[in-house]
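Structure first, then comments.
Here, each number is a calculation from the coordinates, and none is a lab measurement. Given the structure is predicted, the values throughout are model-derived calculations rather than measurements. Don't worry about glycine lacking a Cβ; one is built from the backbone with ideal geometry, like all the others, and counts go over all protein chains shown.
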Amino acid sequence: MKKVSFTEAVTILVVMLVILGTAVIHFGLSPQIPVLFTIALLIFWARIRGASWEDVHQGITEGISTAIIPIFIFILIGALIAVWIQAGIIPTIMVVGFRLISSHFFVPSTFIVCSIVGVAIGSGFTTISTIGIALFGMGMAMNINPALVAGAIISGAVFGDKMSPLSDSTNLASAIAGSDLFAHIKNMMWSTIPSFVVSLILFWLLGTAGSANSSQRIAHTTSVLTQHFAISWWAALPIALMFICAWRHIPAIPTLFINILVSVVMIFFNEPHESLKSLTDLISEGFVAHTSDTTVNALLSRGGITSMMATVSLIIVTLSLGGILMKFNIVQSAMAPLVKHLRRPGALVTTTILAGIGINLFVGEQYLSVILPGKAFKPAFTRIGLAPLALSRVLEDGGSVINYLIPWGVAGSFAASTLGGPVLHFLPFVFFSLFSPVFSILSGFTGIGLKRVNK
């Protein structure tokens with residue numbers, strides 16, 4: 001197959017973006033079908049250009065192979081959510097939270113709590129699917145805009161994932177750029193701290209909307225949770241184990257297995273007559289709440305392996321699309337000419353961030369949004385005297401944090417399925433992800449915090 005030209009590559013990517021954007025945003029379709037349609041068009045184009053079926057299959061295989069571990073983690077998270085609800089862990093967090101957090105400060109408090117938890121455990125996905133679900137339920141009981149609460153949860157989770165030395169994406173950005181991990185985290189503060197402060201102010205200003213007259217609703221919800229779930233301080237044990245595993249640098253898969261096992265033991269302790277069949281149904285199909293409150297039932301009827309299948313299917317088709325784009329050098333051909341003509345720091349930083357956003361839009365995978373721009377623009381950063389720390393920060397600000405805003409992205413679809421709302425609903429409120437690239441671009445043009453090579 002002949003090399004793809006810059007014009008041809010850009011045309012393909014624009015057509016893809018129009019198809020996906022129109023289908024998902026304008027018509028409100030589930031992203032799986034538009035992505036499959038785009039894959040079919042790409043395969044048709046590749047065959048016309050002389051590509052073999054073996055090349056197509058290889059591209060799909062290589063694309064999916066990058067997500068085997070995340071897919072397995074998502075399956076375990078589905079099981080964890082179900083057992084955490086039945087064991088009373090998430091209901092206990094909600095009850096304790098109602099007693100500690102005022103409704104008038106709930107949204108900024110949610111942002112801060114998720115930020116702290118995210119830094120401690122180094123996983124945005126785990127933060128959203130554990131503490132995040134409990135906080136989301138509290139927000140529903142307080143009559144606060146669900147999209148705003150989801151935005152605060154995701155913003156905090158993204159901040160924690162970005163600033164934690166335990167985070168996969170943070171280690172990846174540092175490794176791709178060739179910078180020291182802790183120096184990279186310190187240098188990210190130039191764009192991260194302003195984004196955090198602005199986000200906190202906005203959550204503070206918007207956080208009281210709809211929270212008035214919620215005391216009666218909170219009392220009722222607390223009563224329902226206390227009647228139907230085992231509320232106790234023992235519920236803190238799985239949460240403590242999660243932090244201990246993070247402190248001991250235990251990877252995500254064994255951490256989740258340990259937490260699921262402990263939660264299952266708690267279920268049998270609370271309900272000694274629980275059958276093995278009902279337990280396996282819980283892990284497979286998720287928890288179904290049967291309380292007197294329909295809102296609580298809707299909130300806590302979730303989890304299970306099957307609940308993650310929509311996200312898993314989207315990951316598979318999206319990364320298949322990404323694998324084909326990589327295999328036929330479409331993305332690489334679109335980025336290559338840009339590298340040669342970038343001579344000024346501001347333009348280079350802006351273009352690299354836009355490339356990361358573009359990879360998120362076209363491929364939907366946060367790791368590739370760091371890897372591809374990192375490899376493509378690293379020579380340009382070196383050529384104009386910018387240090388690897390400058391590149392690694394830009395890769396985070398335009399890559400991994402943006403994936404939560406993409407309806408067909410891995411992180412975006414996970415957050416949507418876990419919190420139960422479309423990406424486009426909470427997107428305007430994920431302030432931290434929206435402002436991170438803005439402050440990074442400002443740093444590029446002003447030179448503030450932009451590290452250069454010491455001569």
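Sorted by packing (mean other beta-carbon atoms within 10 Å per residue), highest first, where do 30-39, 401-410 land?
Highest to lowest by the protection proxy: 401-410, 30-39.
Over the chain, what is the mean sequence separation of C-alpha contacts under 8 Å (at least six apart), divided by residue count, expressed as relative contact order in percent?
Numbers: 748 pairs, mean separation 114.1, N = 455.
The normalised contact order for the chain reaches 25 percent.
Give me the log10 of I(q) over I(0) for region 325-396 at q = 0.13, 0.25, 0.26, 0.28 Å⁻¹, as the Debye formula computes it from C-alpha points; what are the numbers?
Treating every Cα as an identical point scatterer, log10 I(q)/I(0) equals -0.32, -1.15, -1.23, -1.39.
Could you tally the net charge around G122, taking each other residue with its Cβ under 11 Å from the Cβ of G122, Lys/Arg +1 and Asp/Glu -1?
Neighbour charge sum, excluding G122 itself: -1.
To the nearest 10 degrees, how steeply does helix 215-228 sit against the main Cα axis of the chain, on a 0 to 90 scale?
Computed tilt is about 80 degrees.
List, in the order given, every pair from K378/K451; K162/K327; K162/K375; K2/K340; K340/K375; K340/K451 whose Cα-Cα distance in the structure shown is over 18 Å. Could you put the intermediate results ahead of the total?
On the way: K378/K451 14 Å; K162/K327 29 Å; K162/K375 20 Å; K2/K340 22 Å; K340/K375 14 Å; K340/K451 21 Å.
Among K378/K451; K162/K327; K162/K375; K2/K340; K340/K375; K340/K451, the Cα-Cα distance tops 18 Å for K162/K327; K162/K375; K2/K340; K340/K451.
Assuming 0.36 nm per residue, please report the length gained on full extension of the stretch K186 to W233 beyond their Cα-Cα distance.
Values: separation 47, 0.36 × 47 = 16.92 nm, distance 3.61 nm.
Gain on stretching K186 to W233: 13.3 nm.
Helix 431-446 sits at what angle to the longest principal axis of the chain, using alpha carbons and giving 0 to 90 degrees rounded to 10?
For 431-446 against the chain, the angle is about 30 degrees.
Binning at 10 angstrom from zero up to the longest distance, how are the C-alpha pair distances of the chain distributed in percent?
Each 10 Å bin holds this share of Cα pairs: 4, 21, 29, 25, 14, 5, 1, 0.
For the ranges 323-331, 174-182, what's the packing order if you count other beta-carbon atoms within 10 Å of each residue, average per peptide, and put the highest first?
Order by mean packing, descending: 323-331, 174-182.
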